[in-house]
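Every read-out reported here was derived from the displayed coordinates using simple, explicitly stated rules and does not represent laboratory data. From a predicted model like this one, the values you see are computed outputs, not experimental measurements. All Cβ positions, glycine included, derive from the backbone under ideal geometry; neighbour counts span all protein chains shown.
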Amino acid sequence: MKTIFITFALLLFSFCLKAQNDENITIGKKEVITSKALNENRTLWIYTPNITSQNPNPEKRYPVLYLLDGSAHFYSTVGIIQQHSQANGNGTLPEMIVVAIENTNRVRDFVPSNDLDNPNPFIEFLSSELIPHIDKNYKTAPYKMLVGHSLGGLTVIDILTNFPELFNAHIAIDPSMWYDNEKYLTNTITELPKQNMNGNRLFIGTANTLPKGMEFSQLKNDKSFETQHIRSIFKLDQFLKANTNGLIYSSKYYENETHNTVPLISEYDGLRFIFDFYLLDATEKDFTDSTDLIASKLKTHYANVTEKMGYTNAAPEVFINYFAYEALGKKHNLHTDNTDAADVDNPLQLVPPIPE
């Protein structure tokens, strides 16, 4: 019952659905950009919230999720985000843009460079070409995430280790920390403590890749190549739990998931962890109280979201309108300090004055 009124409030303004222009259901588009760093064209799969929004806002700016192995994980990632930012009045995640990068040469792109002075050209592509292109052509906000699975997860950890300023949050799904006899794991253990993570967030999801018949308790003393993948991830996990250095870190072991089934649930849990501050913690009393309690709670909540994400966040306009009309109907007085009804972008001025 805790969030039933939030759901009702948002659904109330969602009866008039925005129809697709034709009989096809569209969740994104493909775009090709030319990379000088990689000397090739790269295909992007791009989702923007206006495609599925029932109340699109052409002026709104969105955080961006950059997705490796793009064609494999685009649909599931977009589904999670749309479900938890738009569908059924959900607001557990913010609406966001998804930029999924289609592979050309996966091993070339996802194996880190041995020379930190000359990083993998794929990182140059991300930092100097792709991100500026997306920022120039889409309504982006200054909050960026990187998600990768397997070798892509290794790339996520490598970028966090050596270029922590490039993204605000990272999800590494069953990352291949075993690669090249754990060379890049060793580099992370050596180099990450030298970096200021500055509140960067990381989630690692680990699949159950134990050999058939092996008990988890046997893993600690096992040294076989067959278990090196999972052992290397747990070695990283233990290191990160003891050496956060400003990193906000969480991990989860999925006993019932394999290397190939773990991405979907890891994407979900990873996004919920990254945005664990985003959901408004409100009760029925907040929505029925005749005082300005909900206005104060909204101000506090969205001020916190603003601080965490580094740019102004405000309650959805339809949310504010619902409270205004509800208060008007009940003859409640929710005056706040000289609030302008049009000023919905200011997190400190969220509720318009209600006529008495």
Next item on the list: Quick one: work out the % antiparallel among DSSP beta bridges in region 22-274, nearest 5.
Entry: 30
Margin query: Which entries of LYS212/LYS235; LYS212/LYS252; LYS29/LYS297; LYS144/LYS252; LYS241/LYS285 have Cα-Cα distances beyond 31 Å here?
Written below: LYS29/LYS297; LYS241/LYS285
Checklist line | Per-peptide average of other Cβ atoms within 10 Å, ordering 23-35, 215-227 highest first | finding: 23-35, 215-227
Notebook entry, point to check: What ranking, highest mean first, results for peptides 144-153, 268-277 when packing means the other Cβ atoms within 10 Å averaged over each residue?
Noted result: 144-153, 268-277
Item checked: Rounded if a/c under 1.5, otherwise prolate or oblate - region 209-272, Cα gyration tensor axes -> oblate
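Which order do the peptides 160-173, 119-132 come out in when sorted by mean C-beta neighbours inside 10 angstrom, highest first? Don't skip to the end; give the middle numbers.
Values: 160-173: 22.0, 119-132: 18.0.
Peptide ranking by packing, descending: 160-173, 119-132.
Can you figure out the FRET efficiency of ASN88 with LYS212, using R₀ = 51 Å and their beta-carbon distance, to the nearest 0.05? Display every interim value, and only then the final one.
Values: r = 40 Å, r/R0 = 0.79.
For ASN88 and LYS212, the calculated efficiency is 0.80.
Just want to confirm a number: the relative contact order over region 101-157, from Cα pairs under 8 angstrom separated by 6+ residues, in percent.
Details: 25 pairs, mean separation 20.9, N = 57.
With pairs under 8 Å counted, the relative contact order is 37 percent.
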Note to self: I want to check the label-to-label distance for SER296 and LEU219. Put each point 7 Å from Cα in the C-beta direction and report it in nm to one decimal.
What the structure shows: 4.7
Note to self: With the crude spin-label approximation of a point 7 Å out along Cα→Cβ, what separation in nm comes out for ASN57 versus TYR311?
What the structure shows: 1.3
Check: From the square roots a ≥ b ≥ c of the eigenvalues of the alpha-carbon gyration tensor of region 22-274, which class results: rounded (a/c under 1.5), prolate (a/b over b/c), or oblate?
Finding: prolate
